[in-house]
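A short write-up of the structure that comes next.
Each value in this text was obtained by applying a stated rule to the coordinates, not by laboratory testing. What you see is a predicted model, and the numbers here were worked out from it, not measured in a lab. Methodologically, a virtual Cβ is constructed for each residue, glycine included, from the backbone with ideal geometry; neighbour enumeration extends over all protein chains shown.
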Amino acid sequence: MKKYTEIKDISNLQETIKDAISLKNNPFEFEDLGKHKTLVMLFFNASLRTRLSTEKAAKNLGMEVMILNVNDAWNLEFEDGTIMNANTSEHIKEAAQVISQYADVIAIRAFPSLTDKLKDESEFVMNSFVKYASVPIVNMESATAHPLQALADAITITELSKKAKPKVVLSWAPHPKALPQAVANSFVEMMQNMDVNLTITHPKGYELSKAITKNTPINHNQEDALKDADFVYVKNWSSYNDYGKVLSQDESWMMTKTKLGNAKFMHCLPVRRNVVVEDAVLDGEQSVVIQQANNRTFAAQIVLKQVLEKL
Amino acid sequence: MKKYTEIKDISNLQETIKDAISLKNNPFEFEDLGKHKTLVMLFFNASLRTRLSTEKAAKNLGMEVMILNVNDAWNLEFEDGTIMNANTSEHIKEAAQVISQYADVIAIRAFPSLTDKLKDESEFVMNSFVKYASVPIVNMESATAHPLQALADAITITELSKKAKPKVVLSWAPHPKALPQAVANSFVEMMQNMDVNLTITHPKGYELSKAITKNTPINHNQEDALKDADFVYVKNWSSYNDYGKVLSQDESWMMTKTKLGNAKFMHCLPVRRNVVVEDAVLDGEQSVVIQQANNRTFAAQIVLKQVLEKL
Amino acid sequence: MKKYTEIKDISNLQETIKDAISLKNNPFEFEDLGKHKTLVMLFFNASLRTRLSTEKAAKNLGMEVMILNVNDAWNLEFEDGTIMNANTSEHIKEAAQVISQYADVIAIRAFPSLTDKLKDESEFVMNSFVKYASVPIVNMESATAHPLQALADAITITELSKKAKPKVVLSWAPHPKALPQAVANSFVEMMQNMDVNLTITHPKGYELSKAITKNTPINHNQEDALKDADFVYVKNWSSYNDYGKVLSQDESWMMTKTKLGNAKFMHCLPVRRNVVVEDAVLDGEQSVVIQQANNRTFAAQIVLKQVLEKL
């Protein structure tokens, strides 16, 4: 693997998932692979799970880890040809080349503005690092994608699935703040590569990008969509069409134990209780969110392993 | 040791102190014990000594250390049943379970509000982690206790004591800010378990919780209390009864070389010079504050060692 | 080496540079030297390159690294005899002695005020640590000096120089903010110790301290100064005489490809494009800024190596 910034960077998904599950049983098996190799983790935004699980994954492989909150240093310039006499102190061209010399792999988290759709969709932070860095880039959630989360989700579904082609439903939920589409996007793309039956349900106006959903069925009737589901992935996102807007906080879209039926409940966390999902679901036996979070380590570890093997 | 959130988690104090002093002479003796084990340090509040000494202790034992300033990420919810549509993004139930999967031990620092006595005394942060985490919890100073500091203090007194039952005085001192009772509480509880003669002195109104002091003598006359002391532990705390209030900044309670007599001077640091204690004491040979701070490493190390041995 | 806070702490520059270049070819050769040794990095100011390169250097030598942003903890007091009843919580005397017990080497970054010249020139942060710490101090940029940068610069010039006594020009450049003289000072002092022909060029009013420049030629005509240069080091600094002031933002002082001639372009980074230097220079083959930044690792590593050898 030469980088992991998007789902399609995985060449063999089934084998990757199998290898991740194997790492989970023996996390230190490849602890010599990362010897004398350094992961630099760059955070443009806050993180708990991604930070800890990715750091843990790297250390399981024997890597050194250096963590930098970029905003604690200074603002980077991403535009070409700018006269940098205002708020930016360093151009991405220099920053990416320089950091590449201290790192064998660079992992980056950079959220979208949710105000400038074109700029967000250009993935200028992630893609500028891909362009100017001389080492592999790993996406720890970008403007439009969260591929490490999606890989952890795929691992979790593989571990738990009891049938050949499980029904998986991605269900929108209300939230007081405008959130990115990144998790939903990557989950949809990942499921499209799995042997599952995927349905998306959300209120009208919450359509994800057509470039992502393609011909995945969308159902605006949540109850109907959830019928006979094996896995229900709940997530809020802000509007893609009316970009970054909160169009609805309709409480009737909150996930409940009744609606869930016999399905497993999935969420990437953090989750707002009794807004996105009721306590009864999270505290019940059908919730697999803790297992999902644990799989973040092994998703990151299998990606770093494949990246290290290509260095 | 299954956790170390309060003094009474130590089962054999004398042996623990002896082992800590032995670690000080040979800090890397157990460097294989922590192999493949991770300490996650969670800071809800700033730290210098506790941060560095605990990180050092873990590394001396061969552990990996991951440090997270929780407030840099987001606010945690600690109440049950809340509709989380306001300022909190993640419930402690999820956070504690998730972090447990990335950690073999979790160490936590979380100061009191000093405004809500009942809530502070409930130790809701520390106790919620104890309740929901699946790995041992170590207290790096909580609302009402600082047991790692108290253990370092006990080690220091043991190293320096020249008599069978030394006289130890805890003396309140003035301070411009309202400070927690945590250090004083844990010091009192620790001394109650040591073979020492403990007296507490403070202005009226500064009584610590009766549940802590029990039948330890309290003397409002500082000069009288200090007579023939072998160790004088100076510390400010805000009022417990008039909760969190600064009732006095009476400069006459500042510790001086004259008052100190022949006693050793102790303080947990940081200390405000010429407010809590005069320069002549800190710069003199009777001050043992630097040795105390050094013992923070070995207090943390013996605790982590005992925790690792029970995993 | 007992410390590295100023250029003159290097006893044998030629050999040090040679050894640094050798480390670059074999960075893990001395990975046992730092075993059981801890570098504590204290940041009073933000850092990207210095942080990552110094951390990397220490880890290449097998050291443990602990990083503390001092301002996240509390303000330190540096004055003697103060009544500490205001904004400072801990005196440098305690802080330096305490941190020394957790560290084998302490590295410090502390920028100048640029308002109080006497205080800045006293180097009170760096010198207080030198005075009170019991372990070696390494300067990661102080009020008036950046000796690790200067050593990286010397390594770079040595690697690239094709003639016996190359002409090196330090050329002032415009910048919207008031910047320290530290980089320029240390570069001048370092070059004075190298077998190079050094000239300084800047607008009138931007004279560096006479104590630094000594008899190094200063030319206020940039074009004339740059003639036949082999290396052009471009850097902004604020006025030393009219202390900390921005006297000019004259765009005609920006470095251009035309002005550069056949010289190599050097800058410590971060650099503001099209303010300090035009894109054509940075994107061209004469720019060696990325190589300079890479040499930061080996400058730090040779310094730490020499410090460790003297412990």
_Give me the inter-chain shielding for A:75-87: mean count of other chain Cβ atoms within 10 Å, whole number please._
4
*asked:* Roughly how far apart, in whole Å, are the Cα centres of segment C:129-170 and segment A:131-150?
replied: 35 Å
_If you scale each eigenvalue of the Cα gyration tensor by 5 and take the root, what three semi-axes come out for segment C:1-84, rounded to whole angstrom and sorted largest first?_
30, 17, 12
*Going down the table (B:3/B:310; B:259/C:131; C:177/C:264), which pairs top 19 Å between alpha carbons?*
B:259/C:131; C:177/C:264
*Per-residue average of Cβ from other chains inside 10 Å of A:42-55*: 4
_For A:91, B:175, order by how many other beta-carbon atoms lie within 10 Å, fewest first_ = B:175, A:91
*Evaluate the charge dipole of segment A:143-255 about its Cα centre and quote only its size in Debye, nearest 20, assuming +1 on the Cβ of each Lys and Arg and -1 on the Cβ of each Asp and Glu.*
160 debye
*Whole-angstrom Cα spans of segment C:271-311 along principal axes, big to small*: 46, 19, 8
*Considering only A:46, A:10, A:261, whose Cα is most displaced toward the positive end of the charge dipole of chain A, charges sitting on Cβ of Lys, Arg (+1) and Asp, Glu (-1)?*
A:261
_Order A:295-307, C:215-227 from most to least packed using the mean count of other Cβ atoms within 10 Å._
A:295-307, C:215-227
*Values of log10 I(q)/I(0), in the order q = 0.11, 0.20, 0.22 Å⁻¹, for segment B:186-311 under a Debye, Cα-only, solvent-free model*: -0.44, -1.30, -1.47
*asked:* What does the C-alpha gyration tensor say about the overall shape of segment B:96-211? Classify as rounded when a/c is under 1.5, otherwise prolate if a/b is larger than b/c, or oblate.
replied: oblate
*Average the reciprocal distances over every distinct pair of alpha-carbons in segment C:250-299, invert the result, and give the Kirkwood radius in Å.*
11.3 Å
*In µm²/s, what is D for segment B:37-157 at 20 °C and 1.002 mPa s, where D = kT/(6 pi eta Rh) by Stokes-Einstein and Rh is the Kirkwood radius from Cα pairs?*
142 µm²/s
*Could you name the aspartates and glutamates whose alpha carbon sits less than 14 Å from that of residue B:165, not counting residues in the same chain fewer than 8 places away?*
B:195, B:228, B:230
*Note the direction-averaged projected area, equal to a quarter of the hull surface, for the Cα convex hull of segment A:8-51, in nm².*
4.8 nm²
_Copy-to-copy label separations for residue B:246, where each label sits 7 Å from Cα toward Cβ, in nm and ascending_ = 3.9, 3.9
_Computed [θ] at 222 nm, helices only, for the protein assembly as shown once each DSSP H run of length n ≥ 4 contributes -39500 (n - 2.57)_ = -10500 deg cm²/dmol
*Which of the aspartates and glutamates could a cross-linker bridge to residue A:245, judged by Cα under 15 Å and excluding same-chain residues fewer than eight apart?*
A:116, A:120, A:207
*asked:* If you fit an axis through the alpha-carbon atoms of helix C:182-192 and take the longest principal axis of the Cα set of chain C, what angle between them do you get, 0 to 90°, nearest 10?
replied: 70 degrees
*Could you please state, rounded to a whole Å, how far the C-alpha centre of segment B:171-234 is from the C-alpha centre of segment A:172-195?*
57 Å
*What ³J(HN,Hα) values, in whole Hz, does the Karplus curve 6.51 cos²θ - 1.76 cosθ + 1.60 give for segment A:105-117 when θ = phi - 60°, with x put for Gly and Pro?*
9, 10, 10, 9, 10, 8, 6, x, 6, 6, 10, 10, 4
_Distances in nm, one decimal, shortest first, from residue B:221 to the same residue in every other copy, taking the label point 7 angstrom along Cα→Cβ._
8.8, 8.8
_Taking every alpha carbon pair in segment A:167-252, what does the distance histogram look like in 5 angstrom bins from 0, in percent?_
3, 15, 28, 27, 18, 7, 1
*Taking +1 at the Cβ of each Lys and Arg and -1 at the Cβ of each Asp and Glu, which of A:185, A:277, A:166 sits farthest along the dipole of chain A towards its positive end, judged by Cα position relative to the Cα centre?*
A:166
_How would B:94, B:207, B:309 line up from fewest to most surrounding beta-carbon atoms within 10 angstrom?_
B:309, B:207, B:94
*asked:* What does the copy distance list look like for residue A:31, label position 7 Å along Cα→Cβ, in nm and ordered from shortest?
replied: 1.4, 1.4
_Kirkwood hydrodynamic radius, computed over distinct alpha-carbon pairs, for the protein assembly as shown: how many Å, to one decimal?_
30.1 Å
*For segment C:10-123: lysine pairs with Cα atoms under 23 Å, gap of 8 or more or different chains, count?*
12
*Given +1 on the Cβ of Lys and Arg, -1 on the Cβ of Asp and Glu, and no further charges, what dipole in debye does chain A carry about its Cα centre, rounded to the nearest 20?*
480 debye
*GNM on chain C, C-alpha springs below 10 Å: top fluctuator among C:81, C:62, C:284?*
C:81
*Any idea what the dipole of the protein assembly as shown comes to, in debye rounded to 20, about its Cα centre with Lys/Arg Cβ at +1 and Asp/Glu Cβ at -1?*
720 debye
*Would you kindly compute the Cα radius of gyration of segment B:139-183 and its largest Cα-Cα separation (Dmax), both in Å?*
13.1, 37
_Residues whose placed amide H lies under 5 Å from that of residue B:138, excluding near-sequence neighbours_ = B:4, B:106, B:107, B:108
_Show me the three semi-axes of the equivalent ellipsoid for chain A, from the C-alpha gyration tensor (sqrt of 5 times each eigenvalue), largest first, rounded to whole Å._
32, 25, 16
